[in-house]
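The values are calculated or read from the model by the stated rules, or taken from the named source; none is laboratory data. Quick caveat: nothing in here was measured; it's all calculated off a predicted structure. Positions of Cβ are generated from backbone atoms using ideal geometry, with glycine treated the same way; all protein chains shown enter the neighbour counts.
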Amino acid sequence: MTERDEKLKVTPPPETSAGIHAVTNALRHLYGKMGPIRATRGMLRLNQKGGIDCQSCAWPDPE
């Protein structure tokens, strides 16, 4: 290790980008813009055969 490496300080992140907070934040935006029925239908179709394919998700295509 160099002297510069030894001065580094590693701390936990101040916020998370996943988990229950991410889910509730996403639902708040979905329900606010689409309403509860349309938002729920859209989420149930996400990444399903014949449904919406999320381009930013890391899920592989089933084919």
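A few notes on this one:
- Selection count where residues are in contact with a Gly (Cβ under 9 Å, 6 or more places away or on another chain) and either at positive phi or of a type in the set (Val, Ile, Thr) (or both), scope the range 1-55: 1
- Scanning the range 1-33 for residues that are among the charged types (D, E, K, R) and in a helix (DSSP H, G or I) returns 3, 4, 5, 6, 28, 33.
- Close pairs (8 angstrom Cβ cut-off, 6 or more residues apart or separate chains): surrounded by 10 or more Cβ atoms within 10 Å (Cβ to Cβ) in the range 1-17, not in a loop (DSSP other than H, G, I, E, B) anywhere: 16/22
- Residue within the range 35-58 that is modelled with pLDDT of 90 or more and loosely packed, with under 10 Cβ neighbours inside 10 Å present: yes
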